[in-house]
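Encoded as structure tokens, here's the structure I'll be asking about.
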Ligand SMILES: Cc1cc2nc3c(=O)[nH]c(=O)nc-3n(C[C@H](O)[C@H](O)[C@H](O)COP(=O)(O)OP(=O)(O)OC[C@H]3O[C@@H](n4cnc5c(N)ncnc54)[C@H](O)[C@@H]3O)c2cc1C
């Protein structure tokens, strides 16, 4: 969201922009969400407008499946070395889907965090921009199969494509490489590795999404049945010296949003949110109020000590301290969602990072990091930060 925003803002004042994305599609983490606070609209709302702005603006050159290998030089004279992953599917692709129909190989769908499968040649998701198919070399049998090439009427598939390097010149560089969830398996007491029905909050975004693995149903990973009792564990590994010592700023609002989405779909379900402090700001206060008014959503102030399974293995058991009642509680759930927070994406470039791995605001002139690669923030703040960086880049470069 932040990279796309900066790109369109800069291009619309007449500058040339090169947008580099490592995935085959734009939209980052936002495009994977079911809906987004504060308005709870689908992410396509904000992104679709930006994709249209990109489509209409010939000043933006967009490279997907591409990473940056090296940045050298200085303001007004940077050289940026790009690595383009093999371009197996070219822009002749009309997304007709004939290739997928004949493809015999399957792969775990990374867009759904492996909860669903696609063919080895696949459309990354319904809203993909650019709208073209992609190929997973790990699962494709290439020329020994060749079925997709034979069925493609548009000469869009080249199975022998190779990596390509290219060096471009730029007067400034905006870094908008965002975030990922930390490894939930590292938090041993919360059972992510041990129990299929303990999932992370980003996985939940896909599971509750109507375009996700369960269609319009929320299904448990263990047995494909709908959960009736769902627990959210806030600060799972966050604000904890052993894992992430900081607050990721968005997880409380995200879990409140998730609780309301569950209640929308299943008004009879029971939701419990275990929290240390509820940190919601601005317009998100409104849906904290909505949650507080909902009698099927319980807010429990208390850190979760551990998650285990009931004796008959039919339920998960969340053990916590109910701080307001001064007692230990054991609460059963069919699905547990861990709010695991935000860590910066890592890669090997010559840029300054802070102790937590976030990219520092202080870089050499002409390099501007924005949004969640610097610190956790919501979409609205990310967009503002990106617009500010776009302005700096326009003002300070020739
Ligand atoms: C569970 C959860 C729910 C959330 N829900 C909401 C919500 O409802 N509302 C809201 O306002 N905020 C929400 N947020 C926060 C929101 O996700 C962030 O504000 C937003 O993703 C920030 O966008 P970004 O552009 O900084 O980063 P990202 O969305 O992470 O995008 C970064 C992009 O950079 C690409 N990239 C990374 N490294 C490289 C590289 N080396 N080379 C090329 N490309 C690279 C990535 O592939 C990605 O496309 C939520 C966060 C979480 C954890």
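The values are calculated or read from the model by the stated rules, or taken from the named source; none is laboratory data. The structure presented is a predicted model; accordingly, all values stated were derived computationally and were not measured. Here Cβ is always computed from backbone atoms with ideal geometry, including for glycine, and neighbour counts include all displayed protein chains.
Applying the selection to the range 175-190, what residues are buried (at least 22 other Cβ atoms within 10 Å of the Cβ) and under 19 Å from residue 232 (Cβ atoms)?
Result: 184, 187, 190.
Somewhere in the range 312-321, is a residue away from the ligand (no atom under 16 Å from the Cβ), in contact with a strand residue (DSSP E or B) (Cβ under 9 Å, 6 or more places away or on another chain) and modelled with pLDDT under 95?
Yes, there is a match, as at least one residue in the range 312-321 is away from the ligand (no atom under 16 Å from the Cβ), in contact with a strand residue (DSSP E or B) (Cβ under 9 Å, 6 or more places away or on another chain) and modelled with pLDDT under 95.
List every residue pair whose Cβ atoms lie under 7 Å apart, where the two residues are 6 or more positions apart in sequence or sit on different chains, the first residue falls within the range 32-43 and is farther than 13 Å from residue 201 by Cβ, and the second residue, located anywhere, is part of a loop (DSSP other than H, G, I, E, B) and within 7 Å of the ligand (Cβ to nearest atom).
41/35; 42/35; 43/33
For the range 4-19, enumerate the residues that are near the ligand (Cβ under 9 Å from one of its atoms) and surrounded by fewer than 22 Cβ atoms within 10 Å (Cβ to Cβ).
Selection gives nothing.
Name the one entry in 309, 293 that is in the same structural domain as residue 264 (by TED's automatic domain parsing), closer than 21 Å to residue 265 by Cα and at pLDDT 95 or above.
Checking each option against the conditions leaves just 293.
Same structure, new question: Against the definition (within 11 Å of the ligand (Cβ to nearest atom) and either surrounded by fewer than 15 Cβ atoms within 10 Å (Cβ to Cβ) or on the phi > 0 side of the Ramachandran plot (or both)), how does residue 388 come out, yes or no?
Considered against the rule, which asks whether it is within 11 Å of the ligand (Cβ to nearest atom) and either surrounded by fewer than 15 Cβ atoms within 10 Å (Cβ to Cβ) or on the phi > 0 side of the Ramachandran plot (or both), residue 388 comes out as no.
Let me ask something additional. Could you tell me which of the residues 58, 72 is out of contact with any strand residue (DSSP E or B) (no Cβ under 8 Å at 6 or more places or on another chain) and modelled with pLDDT of 95 or more?
Result: 58 is the single residue among 58, 72 that is out of contact with any strand residue (DSSP E or B) (no Cβ under 8 Å at 6 or more places or on another chain) and modelled with pLDDT of 95 or more.
Is the range 338-357 home to any residue that is free of Cβ contacts under 8 Å to residues at least 60 places away in the same chain, closer than 27 Å to residue 232 by Cβ and not assigned by TED's automatic domain parsing to the domain that holds residue 7?
No, the range 338-357 contains no residue that is free of Cβ contacts under 8 Å to residues at least 60 places away in the same chain, closer than 27 Å to residue 232 by Cβ and not assigned by TED's automatic domain parsing to the domain that holds residue 7.
Next question. Test residue 207 against the criterion of being surrounded by 13 or more Cβ atoms within 10 Å (Cβ to Cβ) and without any contact (Cβ under 8 Å) to a residue 60 or more places away in the chain, and give yes or no.
no
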